[in-house]
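The values are calculated or read from the model by the stated rules, or taken from the named source; none is laboratory data. Please read all numbers here as calculations on a predicted model, not as lab measurements. When we count neighbours, we look across all protein chains shown, and the Cβ atoms used for this are built from the backbone with ideal geometry, even at glycine.
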């Protein structure tokens, strides 16, 4: 009996092994058919003053736009990479690893190029050697030197010292500019937090507990709005005091202090719940954004913005 | 049954979530939106400014937050275009520059072709330095931005005339996905110059709860996550109805995502309730 059951489960496992690949194959055939028949995923461009711009398929129907091979490939690559990342939800696999590696590599390369062209060229080389940079690299820059241009040697030297850590000897030289960065960052951030998150928050909490609001026409007090504003002010006051009590460890949390502390915990829990709710909303919005890209831009199964003739959109 | 549900493969939950979002999307299921006070205040911050006001739009996000922030960014820009405000775009995130180009191409050039680059709007691009960029912008914008993103000298761009610091702008709008973003704008711009820098933001669901303490003194308006974006789109569509059909769908991105959002939230609530029932049932069974 036991061996019979084992045989049946082995047979079932053998069959189910083919279910996933068969489904994937069917989906691939369907997508290929849609691409061949409807041209789904195609991006159309029309000439404009500032170079070709993406337009709707209606412009192509009217004969003023044509398919862009580069942008179409972009949509297909984006769609396939999205699916590769989603595949991790099933289980870890080489396609996911490939998409992850592409993302990391492209990001690093992009950062380097952007930093070079947006900072090193205009803000360092352009200040030290403006005529050279203006003539050869960035024509928009002024070829004139500023009065105190030589100060820009300081960041140049600090930058070179920072790169010294790549050298086999004298890595300690990089510690000096790093110390400068840490000190300056800590100082800048301290002032920001002190002002916005400490002093101004104290100011924002010290408000009248009873609020009287006037009606829009200035005739008398709006009691409903006043009641709402007063409840809000009292909630804020009680909430802040109770939360602070919870984090006040110099006194044992018993009696009145204990009750205030417990209320503080409730306030904190409600805050965490609200934050969690917001996070869920955010994550679902991201999923919806990605699915809309797949269903609309790539597969043309939906067309919420009416960018294509109706018979181009749909399952068949 | 109890045993089976307790050991349910989590991939079934993923599949259910996928269907909860995809099915309403395929069925074009939408829910009506009513604006809340905070969203109305954010809307008014742009709407009450006189025509031609100068607005700094800081694109502090990247494509990973497109699902949430893309609709907000489009709504802010469309609002500015409708009000004929002058727009100066910057980015504190490196990919922000490409997102600005995308907004300019798909929105401004497509639907507001009468607006001229350099005269009505400009893309100053990305600068690395996080909050350091904001600090410099507060004292001398031209020290950091010597050219726009296309390499044109900033002195030759008409829209930049008279704009030397952040304080010269009538409003700063930060579409923010994290660090550096709206928190840094509050800490270094609005806190330092409380009566001179007015700030509003559109931000992700993760960031939104942390920003409420800054409202209304240090932050004059906020759109929190896709819900805030949907309410803003509704206000915008009511006050400035699109002139042709294509635009209606284009500017309802957030509104049409609220249907899938509702279905997914109902699923989440159902799963949380089910999880609790299973927990108490298994405890009862054990005792």
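Numbers for the structure displayed
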quantity: Qualifying residue in the range B:46-54 (condition: farther than 24 Å from residue B:214 by Cβ, free of Cβ contacts under 8 Å to residues at least 60 places away in the same chain and in contact with a helix residue (DSSP H, G or I) (Cβ under 7 Å, 6 or more places away or on another chain)); calculated: no
quantity: Tally of residues being within 11 Å of chain A (Cβ to nearest Cβ) and either in a helix (DSSP H, G or I) or within 21 Å of residue B:206 (Cβ to Cβ) (or both) across the range B:218-257; calculated: 20
quantity: Pick from the range B:52-89, criterion in a loop (DSSP other than H, G, I, E, B) and within 14 Å of the chain's Cα centre (by Cα), ranking: farthest from the other protein chains (Cβ to nearest Cβ); calculated: B:61
quantity: Residue that is nearest to residue A:310 (Cα to Cα), among those in the range A:29-59 that are touching a residue at least 40 places away in the same chain (Cβ under 8 Å) and within 10 Å of chain B (Cβ to nearest Cβ); calculated: A:58
quantity: Within the range B:90-106, tally of residues that are within 11 Å of chain A (Cβ to nearest Cβ), assigned to a helix (DSSP H, G or I) and over 19 Å from residue A:47 (Cβ atoms); calculated: 3
quantity: Residue under evaluation residue B:106, criteria (1) under 19 Å from the mean Cα position of the chain (by Cα); (2) farther than 19 Å from residue A:140 by Cβ; (3) at pLDDT 90 or above, criterion not met; calculated: (3)
quantity: Qualifying position, being in contact with a helix residue (DSSP H, G or I) (Cβ under 9 Å, 6 or more places away or on another chain), part of a loop (DSSP other than H, G, I, E, B) and either modelled with pLDDT of 90 or more or surrounded by 13 or more Cβ atoms within 10 Å (Cβ to Cβ) (or both), among A:211, A:238, A:265; calculated: A:211
quantity: Residues of the range A:62-88 classified as more than 13 Å from chain B (Cβ to nearest Cβ) and touching a residue at least 24 places away in the same chain (Cβ under 8 Å), total; calculated: 5
quantity: Residues that are under 22 Å from residue B:16 (Cβ atoms) and part of a loop (DSSP other than H, G, I, E, B), drawn from the range A:278-314; calculated: A:299, A:301, A:302
quantity: Verdict on residue A:187 being surrounded by 11 or more Cβ atoms within 10 Å (Cβ to Cβ), within 13 Å of chain B (Cβ to nearest Cβ), at negative phi and not in a loop (DSSP other than H, G, I, E, B); calculated: no
quantity: Residue among B:208, B:189 that is in the same structural domain as residue B:65 (by TED's automatic domain parsing), buried (at least 21 other Cβ atoms within 10 Å of the Cβ), under 17 Å from residue B:131 (Cα atoms) and at pLDDT below 95; calculated: B:189
quantity: Unmet criterion (only one of (1) buried (at least 17 other Cβ atoms within 10 Å of the Cβ); (2) more than 12 Å from chain A (Cβ to nearest Cβ); (3) within 25 Å of residue B:41 (Cβ to Cβ)) for residue B:195; calculated: (1)
quantity: Subset tally (residues that are part of a loop (DSSP other than H, G, I, E, B), at pLDDT below 85 and either away from chain B (no Cβ under 11 Å) or touching a strand residue (DSSP E or B) at 6+ places or on another chain (Cβ under 6 Å) (or both)) for the range A:121-140; calculated: 1
quantity: Hey, residue B:3 assigned to a helix (DSSP H, G or I) and either more than 10 Å from chain A (Cβ to nearest Cβ) or within 30 Å of residue A:106 (Cα to Cα) (or both) or not; calculated: yes
quantity: Output for the range B:17-35, where each listed residue is more than 12 Å from residue B:261 (Cα to Cα) and assigned to a helix (DSSP H, G or I); calculated: B:26
quantity: Among (1) free of Cβ contacts under 8 Å to residues at least 60 places away in the same chain; (2) assigned to a strand (DSSP E or B), the one test that residue B:113 misses; calculated: (2)
quantity: Residue A:204 being more than 13 Å from chain B (Cβ to nearest Cβ), closer than 27 Å to residue B:133 by Cβ, modelled with pLDDT of 85 or more and surrounded by 15 or more Cβ atoms within 10 Å (Cβ to Cβ); calculated: no
quantity: Members of the range B:57-72 found to be surrounded by fewer than 23 Cβ atoms within 10 Å (Cβ to Cβ) and in contact with a helix residue (DSSP H, G or I) (Cβ under 6 Å, 6 or more places away or on another chain), listed by number; calculated: B:66
quantity: Condition met for residue A:176 (away from chain B (no Cβ under 11 Å) and either in a loop (DSSP other than H, G, I, E, B) or without any contact (Cβ under 8 Å) to a residue 40 or more places away in the chain (or both)); calculated: yes
quantity: Single residue of the range B:12-23 satisfying the filter (in contact with a helix residue (DSSP H, G or I) (Cβ under 7 Å, 6 or more places away or on another chain) and at the interface with another protein chain (Cβ under 9 Å from one of its Cβ atoms)) that is farthest from residue B:271 (Cα to Cα); calculated: B:22
quantity: Residue that is assigned by TED's automatic domain parsing to the domain that holds residue A:34, at pLDDT 90 or above and within 23 Å of the chain's Cα centre (by Cα), where the choices are A:80, A:98; calculated: A:80
